[in-house]
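Worksheet: the structure to be examined is printed underneath.
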Amino acid sequence: MRGIFVTGTDTNVGKTVVAAALMLRYRDEVSLRYWKPVQTGIRPSTRSGRPETLQGRDSGIGIRTPDDRASSDDDTTEVARLSRTSEAQILRCGVRLPDPVSPHLAAQRVGTRITVRDLIAMQREVEHAPTPESRIRNPESRPRWVVEGAGGVLVPINERETMADLMQALDLPVVIAARSTLGTINHTCMTIEVLRRRMLRVAGVVMVGEPNDENRLAIERYGAAEVLGQMPWFVPLTPEVVDAWVRAEFDRSGVLFVGALR
Ligand SMILES: Nc1ncnc2c1ncn2[C@@H]1O[C@H](COP(=O)(O)OP(=O)(O)O)[C@@H](O)[C@H]1O
Ligand SMILES: [Mg+2]
């Protein structure tokens, strides 16, 4: 598997919007697929008058509901909207849990357990499914993945494993979504330190919110990481404004492409 793992310094920092920006930025250069392995806070539609089940397979883990699209907290749908990505580039499989809490707890509350092993098995199954792209023998032409984590690096997924363990198992370079405001130097540098301690490659940082050049310089200096862009706060947040920003500002030198996606 090749691609990028998008993590954040926190929940709600802009990982989903950054993932959409990544889809927009590189899709002319490589074939990309977005995947959200673990989504919490996702409410199934009740169109049928009763909640759709989120359980799937024997593990009891939610796999896929067509009604994900109508749900309350659905990063996959938001990425599709913002990047105007076709369904073919979106993987809708993954663990889907109703409560908007940490994955370990959201799973516990529905009497199930998430493991890195199950997530990797799910990913392999999809990657090796017989689609025209996956039959391409040359690994260079296979799609690259934009994988969005849940929360930040040390968010637990069960009583032992964290998001960082998933990143290690997938072995993808990591892009960090960070706030631009006060406090971000500490949070970003801590995230970078945890990733590096686990031998994960920090592919870059995207700062979200009112651009702040001092914080940008500090992250580059103290975190020794590249800031790939400063994404302003858009009101309203539309595909057009994100696309215009991506074209004008995001990874202008193409370092992320060369370093992680090519
Ligand atoms: N650049 C931006 N401009 C406007 N709103 C944004 C921007 N980035 C994020 N948001 C909003 O902030 C909230 C959190 O962003 P999101 O990408 O969902 O964070 P995360 O995936 O880290 O939880 C969402 O409501 C999203 O629409
Ligand atoms: Mg998100």
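Values in this text are rule-based calculations from the coordinates and carry no lab data. Quantities reported herein were computed from a predicted structural model and do not represent experimental measurements. FYI the Cβ positions are ideal-geometry reconstructions off the backbone, even for glycines, and counts take in every protein chain you see.
Quick notes on this structure:
- Among residues of the range 1-13 that are farther than 30 Å from Asn138 by Cα, those with a beta-carbon under 9 Å from a residue that is part of a loop (DSSP other than H, G, I, E, B) and not hydroxyl-bearing (Ser, Thr, Tyr) at least six positions away or on a different chain give the pairs Gly8/Gly14; Gly8/Val153; Thr9/Val153; Thr9/Gly183; Thr11/Val155; Val13/Gly209.
- Picking from residues in the range 25-39 that are in contact with a Ser or Thr (Cβ under 8 Å, 6 or more places away or on another chain) and within 13 Å of ligand 1 (Cβ to nearest atom), the one that is farthest from Val153 (Cα to Cα) is Tyr34.
- Filter result (over 20 Å from Leu228 (Cβ atoms) and touching a strand residue (DSSP E or B) at 6+ places or on another chain (Cβ under 6 Å)) within the range 171-212: none
- Residue match in the range 106-126 (condition: part of a helix (DSSP H, G or I) and within 16 Å of ligand 1 (Cβ to nearest atom)): yes
- In the range 137-170, residue nearest to ligand 2 (Cβ to nearest atom) [restricted to those that are without any contact (Cβ under 8 Å) to a residue 60 or more places away in the chain and within 16 Å of Leu32 (Cα to Cα)]: Glu140
- Residue within the range 205-212 that is closer than 30 Å to Arg124 by Cβ and not in a helix (DSSP H, G or I) present: yes
- Boolean, Val242 is within 16 Å of ligand 2 (Cβ to nearest atom), out of contact with any Ser or Thr (no Cβ under 6 Å at 6 or more places or on another chain) and outside any helix (DSSP H, G or I): no
- Residue in the range 216-229 that is surrounded by 13 or more Cβ atoms within 10 Å (Cβ to Cβ), within 15 Å of ligand 1 (Cβ to nearest atom) and within 19 Å of Glu148 (Cβ to Cβ) present: yes
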